[in-house]
């Protein structure tokens, strides 16, 4: 049995759309990274090297293309330096870390509550013999 949930029902990722406090914490964490020295320097460097096309890109989205090129052994565009690629990687990881609560126990607790509750219910049902479920594989994607 393969169970695929619709995005609005998914619990393996934080439920920002279902929890006002989690959403607030997420935006605060993202703003801290965006306004940090790393975030502002990377944004300025991206604008300088890529130009106006970078204005609507997040630092994660801008780095995705470069990571894909490097991952396939392809050269970066001539107007993009290796240093910018490294800064975009660092900025992207900082944003993902902050956005998933690396520095906030409250964010982690709010973000994983639904998943842990489901897992606890599945374990108890299996132990009590109320469910035939014996193996669960979960898969997700992050930067």
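The values are calculated or read from the model by the stated rules, or taken from the named source; none is laboratory data. The model shown is predicted, which means the values in this text are computed figures rather than measured ones. Methodologically, a virtual Cβ is constructed for each residue, glycine included, from the backbone with ideal geometry; neighbour enumeration extends over all protein chains shown.
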*Which listed residue is out of contact with any helix residue (DSSP H, G or I) (no Cβ under 8 Å at 6 or more places or on another chain) and either modelled with pLDDT of 90 or more or closer than 19 Å to residue 22 by Cα (or both), from 71, 92, 111*: 71
_Residues of the stretch 5-36 satisfying the condition of being farther than 12 Å from residue 114 by Cβ and at pLDDT below 80_ = 7, 8
*Search the stretch 26-49 for residues that are closer than 17 Å to residue 108 by Cα and pair each with any residue that is outside any helix (DSSP H, G or I) when their beta-carbon atoms are under 7 Å apart and the residues are at least 6 apart or on different chains.*
26/16; 29/104
*asked:* Just to be sure I understand, how many residues within the stretch 1-25 are free of Cβ contacts under 8 Å to residues at least 60 places away in the same chain and part of a helix (DSSP H, G or I)?
replied: 6
